[in-house]
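Shown next, in structure tokens, is the structure this report addresses.
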Amino acid sequence: MFQPLECFVGLRYLRSRRRRGIVSFMSTASLLGIALGVAALIVILSVMNGFETELRTRLLSMSSHATVAQPVAGIADWPDLKRRLEADEDVVGVAPYVQIEGMLAAGPNLRPSLVRGVHPDEEGAVSDFARIVDPVTLEQLQGGAQRIVLGRILAAALGVDVGGRINLLVPNFENGRPAPKLAGFVVAGTFEAGIQDHDANLALVHIDDASELAGLGQRPEGLAVRLDEPMAAGVFQQRVSGALGDAYRYSNWTEEHRSYFRAIRIEKTMMTVILMFIVAVAAFNIVASLMMVVTEKERDIAILRTCGLEPERVARIFFVQGSVIGLAGTVLGTLLGIGLALNVETIVPWLETTFNFRIMPGDVYYVTEIPAEIHTADVVLIPILALLVAVLATVYPSRRAAAVAPAQALRYE
């Protein structure tokens with residue numbers, strides 16, 4: 001089979017038995033370094049993708065995908081607006097709500113909280129409220145019953161249990177003067193959504209009680225909307241705002257929780273940069289090993305030059321050699337990384353059992369299992385970057401090889 005001279009000589013140098021000791025060791029270390037760097041990047045980014053998906057799922061468990069609201073006066077004709085929103089083909093459910101910022105007090109304990117007024121029979125259409133909160137607790141959320149459901153951490157911070165009494169202080173102004181409202185509630189139950197902000201700050205009451213406290217006259221503050229595709233919330237908001245006009249305030253979950261996902265993107269970027277240093281170290285090993293080969297093979301290079309081989313073709317010999325090391329390390333690392341990422345849920349429990357420790361204990365973290373989600377873009381981009389670094393590492397040794405002077409190399413032969 002036809003094979004270019006550069007490839008033939010470069011591969012011959014790579015597998016030559018004469019190359020032993022430090023040169024062979026550095027080539028192997030370079031290959032393994034690139035493989036480990038690529039594998040670590042794929043595994044870590046896959047785990048962070050899994051955490052991002054888990055966070056998004058938990059955030060949406062108690063949050064709607066989009067809202068249409070009139071916070072000051074409430075929505076008087078909300079049944080008609082609800083029918084108009086439900087007519088949209090992307091809408092799965094619509095439910096009224098009222099949201100109040102206030103202070104919850106139980107004895108000497110005082111905590112700021114977000115009190116959300118919901119309709120128990122309709123809230124299940126826009127959130128996982130019915131799945132998270134006990135059905136017996138739901139039956140107690142009736143208009144005028146003054147019952148409240150607290151997040152688990154919020155209840156612990158206030159020091160109250162089911163059946164305990166708490167007071168809700170709502171800031172209010174009348175004629176430019178502060179006139180706060182105070183209402184008493186009985187704790188009907190607690191919930192655990194698995195998100196710090198929800199479990200430590202959120203409380204649920206019946207929408208009639210919340211509307212009375214907000215001064216909306218039994219009108220809801222807005223309508224919460226659940227979509228068939230959560231990622232299309234921004235497009236839905238633009239479409240609805242164009243149809244309904246400026247009479248309402250529009251929002252969606254991507255705007256409300258933007259800081260969470262921005263933090264995850266920053267962490268992923270920083271982890272990528274940091275772990276690419278592993279590949280960079282391996283690339284330095286490629287430079288060192290190729291430089292040693294160039295020094296060792298100066299006589300061979302001089303003979304090839306005297307036989308008429310151009311300097312550019314000499315450079316390509318060592319370019320092939322370094323590129324093969326980079327390619328082999330990249331392929332090995334990609335396969336290893338994908339294999340580890342696909343089996344994280346099996347490997348982590350085995351490590352915990354073998355070494356008798358918990359990576360993510362349940363009393364510290366909400367997510368006790370490490371998820372992994374492989375994205376095609378990561379599996380493609382990471383190997384390309386690693387291979388590019390390895391190829392760039394061959395440039396200097398290749399140029400040095402091309403610059404070898406035949407007369408000087410063969411002077412004492």
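The values are calculated or read from the model by the stated rules, or taken from the named source; none is laboratory data. From a predicted model like this one, the values you see are computed outputs, not experimental measurements. Cβ coordinates were reconstructed from backbone atoms using ideal geometry, including for glycine residues, and neighbour counts include every protein chain displayed.
What number goes with the only condition from (1) more than 14 Å from Val389 (Cα to Cα); (2) part of a helix (DSSP H, G or I) that Gly322 does not pass? Gly322 satisfies all of (1) more than 14 Å from Val389 (Cα to Cα); (2) part of a helix (DSSP H, G or I) except (1). Any chance segment 62-73 includes a residue that's out of contact with any strand residue (DSSP E or B) (no Cβ under 8 Å at 6 or more places or on another chain) and touching a residue at least 60 places away in the same chain (Cβ under 8 Å)? Within segment 62-73, one or more residues are out of contact with any strand residue (DSSP E or B) (no Cβ under 8 Å at 6 or more places or on another chain) and touching a residue at least 60 places away in the same chain (Cβ under 8 Å). If you check Ile317, Ile303 for being within 51 Å of the chain's Cα centre (by Cα) and modelled with pLDDT under 80, only one passes: Ile317. Among the residues making up segment 183-207, those that are assigned to a strand (DSSP E or B) and either surrounded by fewer than 16 Cβ atoms within 10 Å (Cβ to Cβ) or small (Gly, Ala, Ser) (or both) are Ala183, Gly184, Val186, Ala188, Gly189, Ala203. For Ala233, the conditions (1) surrounded by fewer than 16 Cβ atoms within 10 Å (Cβ to Cβ); (2) touching a helix residue (DSSP H, G or I) at 6+ places or on another chain (Cβ under 6 Å) are fulfilled apart from (1). In segment 142-149, is there at least one residue being of a type in the set (Gly, Ala, Ser), in contact with a Pro (Cβ under 8 Å, 6 or more places away or on another chain) and in contact (Cβ under 8 Å) with a residue 12 or more places away in the chain? No, every residue in segment 142-149 fails to be of a type in the set (Gly, Ala, Ser), in contact with a Pro (Cβ under 8 Å, 6 or more places away or on another chain) and in contact (Cβ under 8 Å) with a residue 12 or more places away in the chain. Filtering segment 248-297 to residues that are surrounded by fewer than 20 Cβ atoms within 10 Å (Cβ to Cβ), within 26 Å of the chain's Cα centre (by Cα) and not in a helix (DSSP H, G or I) leaves Tyr250, Ser251, His257. For segment 159-182, filtering for residues that are in contact with a strand residue (DSSP E or B) (Cβ under 8 Å, 6 or more places away or on another chain), over 17 Å from Asn109 (Cβ atoms) and part of a strand (DSSP E or B) leaves 2. Taking every residue in segment 257-277 that is on the phi < 0 side of the Ramachandran plot and pairing it with any residue that is part of a helix (DSSP H, G or I) and among the basic types (Lys, Arg), at least 6 positions away or on another chain, the pairs with Cβ-Cβ distances below 8 Å are Phe261/Arg56. Could you tell me whether Val98 is aliphatic (A, V, I, L, M), crowded, with 21+ Cβ neighbours inside 10 Å, under 30 Å from the mean Cα position of the chain (by Cα) and under 26 Å from Lys181 (Cα atoms)? Here the answer is no, as Val98 does not meet what is asked. Residues of segment 339-377 that are assigned to a loop (DSSP other than H, G, I, E, B), at pLDDT 70 or above and not charged (D, E, K, R): Asn343, Asn356, Phe357, Ile370, Pro371, Ala372, Ile374, His375.
For Leu114, indicate whether it is surrounded by 15 or more Cβ atoms within 10 Å (Cβ to Cβ) and under 30 Å from the mean Cα position of the chain (by Cα). Working first, answer last.
On the way: surrounded by 15 or more Cβ atoms within 10 Å (Cβ to Cβ): yes; under 30 Å from the mean Cα position of the chain (by Cα): yes.
Against the criterion (surrounded by 15 or more Cβ atoms within 10 Å (Cβ to Cβ) and under 30 Å from the mean Cα position of the chain (by Cα)), Leu114 qualifies.
Checking Gly242, Gly217 one by one, the residue that is outside any strand (DSSP E or B), at positive phi and surrounded by fewer than 21 Cβ atoms within 10 Å (Cβ to Cβ) is Gly217 and no other.
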